[in-house]
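Worksheet: one structure, shown below.
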Amino acid sequence: MSQITVNSPAGPLAIAEDQGHIVSLDWGWPMAVTETPLLCEARDQIEAYFAGTRRVFELPLKPFGTPFQRRVWAVLAAIPYGTTRTYGDIAAELGTSARAVGGACGRNPIPILIPCHRVIGLHGHLGGYSGGDGIETKTFLLTLEGCSP
């Protein structure tokens, strides 16, 4: 597995590639850095996102998870830049509970690229966020996209 670090306004992001797909994004520094063309493209797209010049990521993603988690993550990936959906809305679409959707969001291995930060609770409650500094990072990402958290 190859990894690279992107210095971002939300902190250092470690991105990992496996067999031609992005498989994880996490806050911090990887143990070893190995640049690949895909990871360099991911870095460029993430930097453009934080610069406000990219709204859609065009990268091959392969998040590892259960079939249910992958269904939730597919719905998250379809949430447009600058918009939010509630845990309840997604739960209704998938025929499950809001708590189960929240659990899948918390296990998202590729946050930002699979935008779990765009999922909020009822009446604008932010819920949780497993990346970076938690709710502070979620608020930062939503503000970056022009959403008022």
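The values are calculated or read from the model by the stated rules, or taken from the named source; none is laboratory data. Everything numeric here is computed off the predicted structure, so don't read it as measured data. Cβ: placed from backbone, ideal geometry, glycine included. Neighbour counts: every protein chain shown. SASA here: full protein model, heavy atoms, side chains in, ligands and nucleic acids out. Shrake-Rupley method; radii C 1.70, N 1.55, O 1.52, S 1.80 Å.
Miscellaneous remarks
- Complete set of residues in region 99-131 that are touching a residue at least 40 places away in the same chain (Cβ under 8 Å) and either among the aliphatic types (A, V, I, L, M) or in contact with a helix residue (DSSP H, G or I) (Cβ under 8 Å, 6 or more places away or on another chain) (or both): ARG107, ASN108, ILE110, PRO111, ILE112, LEU113, ILE114, CYS116, ARG118, VAL119, GLY127, GLY131
Residue-wise test of (1) assigned to a helix (DSSP H, G or I); (2) open to solvent by less than 30 Å² (accessible area, probe 1.4 Å).
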| position | (1), (2) |
| --- | --- |
| ILE4 | no, yes |
| ASN7 | no, no |
| ALA16 | no, yes |
| ALA32 | no, no |
| ARG70 | yes, no |
| VAL75 | yes, yes |
| PRO80 | no, no |
| ILE90 | yes, yes |
| VAL101 | yes, yes |
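- Being in contact with a Ser or Thr (Cβ under 7 Å, 6 or more places away or on another chain), assigned to a loop (DSSP other than H, G, I, E, B) and open to solvent by less than 30 Å² (accessible area, probe 1.4 Å) is not true of GLY65.
- Condition met for GLU41 (part of a helix (DSSP H, G or I), over 24 Å from ILE135 (Cα atoms) and of a type outside the set (Ser, Thr, Tyr)): yes
- Region 132-149 - residue that is closer than 15 Å to TRP27 by Cα and in contact (Cβ under 8 Å) with a residue 60 or more places away in the chain and, of those, surrounded by the fewest Cβ atoms within 10 Å (Cβ to Cβ): ASP133
- Residue within region 40-51 that is open to solvent by 30 Å² or more (accessible area, probe 1.4 Å) and touching a helix residue (DSSP H, G or I) at 6+ places or on another chain (Cβ under 6 Å) present: no
- Residue match in region 52-70 (condition: farther than 19 Å from LEU141 by Cβ and under 12 Å from the mean Cα position of the chain (by Cα)): no
- Some residue of region 124-131 being touching an Asp or Glu at 6+ places or on another chain (Cβ under 9 Å) and either at pLDDT 95 or above or open to solvent by 60 Å² or more (accessible area, probe 1.4 Å) (or both): no
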